[in-house]
Amino acid sequence: MGEFKGLWVYSENYDLMLELLAGSCTLIKNSNIELAAVLLGSGMKEKANEAFKYGADKVFLIDNPRLKNFEIKTYLDALTGLVKSNKPEILLIGSTKNGKELASRLAARLETGCTPDCSQLTINEDGWLVTKRIVYSGRAVVTAIFRKKPQIAAVPPRIFEKMEPKEKSGEIVNVEVTVEEPKLEVVGINKMKTADVKIEEAQIVVCGGRGIEKKEDFKSLEELAQLLKGQVGNTRPLAEDRKWFTGWIGLSGKKIKPTLYMGCGISGMIQHVAGMRDSQLVVAINKDPEAAIFEVADYVVVGDLYEIVPAIVEELKKKMKSV
Amino acid sequence: MPKIIVCLKQAIDVSQLRADATGNLVTAGVPRKISDFDKNALEEAIRLKEKIGGEVITVTASAEDAKTSIREALAMGADKGYLICDEAMQNSDTLAISVVLAEAVKKIGQPDIILCGEASIDGFSAQIGPRLAELLDIPVITYARKISLENGFVTAERTLEDSFEMVKTRTPAIVTVTKEINDPRIPSLMAIMKASKKEIVTWKLGDINIPQEKAGEEGSGVRIMDVLAPKVERKKIVVEGENPDDIAERLVKALIQEGVLGR
């Protein structure tokens, strides 16, 4: 298809870039599209060699002491030059907040389209990229097809799983750039404390019910919520009868519609369900296979929350290490 | 006296969406409103004006009429609204819309600061602010939850995944804001009545010299193929396994594939 060729991946988060490499390998399977990783930074030689083991056929490397710290404008300038002179057909960028800004600005400079937060990618028979993403606050999935090149899509962490490294090498293309002074000055950075957002605004809610025996046992739910960058919620009996909390989720309490709701030890009384039924995806964990909550769940786990929740926490920790 | 431009999108009120029998989402007839985060941007602009003076101008690009939304913005405290409304803008993506907004801003005259929402409530692509910055060749600060404007500099606190970043840049600049920045005011009856006397300027694409092929689907980088409601019916998939670890592994894998983790 014309002068554009190759699929490139870039993320300022190196592990996310390795995930994009894995996803790209599947995407271009049975085609002769070349897969290249773009690495920008300082002292990146070793990582460049490693990228081949994770699926890259080629690495474009801009190694410059001035790129030591990630700064969008300087990285954008470097990336723009690279894309303009080599014309990749598809460019996948890690959909972090900074990554999305980078992708949007790059697309503006190249007068092309960009789809952020993609959860699915395919290439149609004519070589055009087709992406799926959630829109309308979780109420719809939009499928979009590109009509200009290069095709820029941003993909969030954990959509693809990084592959097992294989012994492999390839061509490293070293590129020199001149780096201008950044226009934004970073005055300070503060690490975030545990998200103190309102439960109605949380994207992920881990909710506990009467199956939780002691208030202290909420710790494992809190740990799970924290790992998922979500919030902990509870049912009315835990607030009104046991006096552990002041508020609750339900008809007479707060109504939530998170992307993911995880109910632990919740029977699923209709009053509680009224407060969470608009959740996009529902996971329910309960010992009782007859629990009513299972009727409104997408993923049903019949089991003891005291065993299942810690196991999920461990599994997530394992997964996060790889991101 | 600073000149503040706020980009307002007239978005679909997503809470009122319904799917038809085939699962396609019906957007026709669904109420429209000022996109939530854009309202935060407008509120912040009005607060800046109340503190340091100046003028607040809103700009809206829309294929359909959006005067009711702009009137609401004027009632909240904006001084003047611009609406670029042209049927040729149907099916425009962020590439096409950002070009329209950039040309409109150029015609209105360079402001000291442009405020946008971090993303729109319907499309949620978070691209307009950054794209506009490139087209106008000025700096951009995204995801701001605090802003101050002083002596020709904007300082803002950005909300990143796991940190807050304080950044500073020279004006003119664009800042995109998060909903945490403020609680938008509800205009009083008096303010609503006064707003009816404020001016809304309406332009067609020709008025800002944008050729038809730069707008609509032709001017866009992507085309929407379909917009489907996710299935409302719950899946009721039973996750089974040998032991809790096994179940946890399968569940986490399923959740990753659903795309609900880590947004």
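Taking both sides together, what accessible area is buried at the B/A interface, probe 1.4 Å, expressed in Å² and rounded to the nearest 100?
Separately minus together, B and A give about 7100 Å² buried.
Rg/Rh, computed from the Cα trace of the stretch B:112-221 with Rh as the Kirkwood radius, has the value 1.03. Rolling a 1.4 angstrom probe over the protein heavy atoms with all chains in place gives the stretch B:114-263 an accessible area of 49 Å² per residue. Highest mobility in the GNM of chain B, judged by mean-square fluctuation with C-alpha springs under 10 Å and restricted to B:L251, B:L205, B:L189, is found for B:L251.
Taking the Cα centre of chain A as origin and assigning +1 to Lys and Arg Cβ atoms and -1 to Asp and Glu Cβ atoms, the resulting dipole is close to 560 debye. Each listed q (0.07, 0.10, 0.11, 0.14 Å⁻¹) maps to a log10 I(q)/I(0) for chain A, found by the Debye formula over equal Cα scatterers with no solvent: -0.37, -0.69, -0.80, -1.07.
Work out, in µm²/s and without decimals, the Stokes-Einstein translational diffusion coefficient of the stretch B:1-62 at 10 °C, 1.306 mPa s, Rh from Kirkwood over C-alpha pairs.
118
Three principal axis extents describe the C-alpha atoms of the stretch B:1-147; from largest down they are 54, 29, 28 Å.
Which pairs break 22 Å Cα to Cα here: B:K9/B:K179; A:K287/A:K319; A:K148/A:K168; A:K58/A:K84; A:K319/B:K179; A:K73/B:K204?
A:K287/A:K319; A:K148/A:K168; A:K319/B:K179; A:K73/B:K204
With the biggest extent put first, the Cα atoms of the stretch A:1-55 measure 35, 22, 17 Å across the principal axes.
Its residue count N sets the reference 2.2 N^0.38 Å, and the alpha-carbon radius of gyration of the protein assembly as shown equals 0.99 times that reference.
Only aspartates and glutamates eight or more places from A:K254 in sequence, or on another chain, were considered; those with a Cα closer than 18 Å are A:D196, A:E200, A:E201, A:E240, A:D241, A:D278. Pairs of Cα atoms nearer than 8 Å and 6+ residues apart set the relative contact order; for chain A it is 14 percent.
Comparing B:A229, B:A215, B:A173 in a Gaussian network model of chain B, where Cα atoms under 10 Å apart are tied by springs, the biggest mean-square fluctuation is seen for B:A229. With protein chains left intact and a 1.4 Å probe, residues in the stretch A:178-323 average 51 Å² of accessible area per residue. Whole-percent P(r), the stretch A:199-322, all Cα pairs, 10 Å bins from 0: 14, 50, 32, 3, 0. Kirkwood analysis of the Cα pair distances in the stretch B:44-123 returns a hydrodynamic radius of 13.7 Å.
Counting only aspartates and glutamates at least 8 places from B:K194 when in the same chain, those with an alpha carbon closer than 14 Å to its own are B:E72, B:D79. Helix B:67-76 and the longest principal axis of the Cα set of chain B meet at an angle near 70°. If the viscosity is 1.567 mPa s and the temperature 4 °C, what translational diffusion coefficient in µm²/s does Stokes-Einstein give for the stretch A:124-177 when Rh comes from Kirkwood over Cα pairs? Value of D from the Cα-based Kirkwood radius: 85 µm²/s. Based on the inverse mean of 1/r over its pairs of different Cα atoms, what is the Kirkwood hydrodynamic radius of the stretch A:7-174, in Å? Over the stretch A:7-174, the inverse of the mean reciprocal pair distance is 15.9 Å.
Among A:Y136, A:Y299, A:Y75, the residue with the largest mean-square fluctuation in a Gaussian network model of chain A, with springs joining Cα atoms closer than 10 Å, is A:Y136.
Surface composition of chain A: carbon plus sulfur atoms contribute 48% of the solvent-accessible area (1.4 Å probe, protein chains only, all chains present).
By the rule of a C-alpha distance below 20 Å, with chain neighbours fewer than 8 residues away ignored, the lysines paired with B:K3 are B:K39, B:K49, B:K51, B:K80, B:K106, B:K107, B:K146, B:K168, B:K198. With all protein chains in place and a 1.4 Å probe, the accessible surface of the stretch B:3-214 carries 50 percent carbon and sulfur. Note on chain B: semi-axes of the ellipsoid equivalent to its C-alpha gyration tensor, largest first and rounded to whole Å, are 35, 24, 19.
The values are calculated or read from the model by the stated rules, or taken from the named source; none is laboratory data. Nothing here was measured: the structure is a model prediction, and the numbers come from that model. We place every Cβ from the backbone using ideal geometry, glycine too, and count neighbours over all the protein chains shown. Each accessible area value is taken on the protein alone, full model and side chains, heavy atoms only, with ligands, DNA and RNA left out. Shrake-Rupley method; radii C 1.70, N 1.55, O 1.52, S 1.80 Å.
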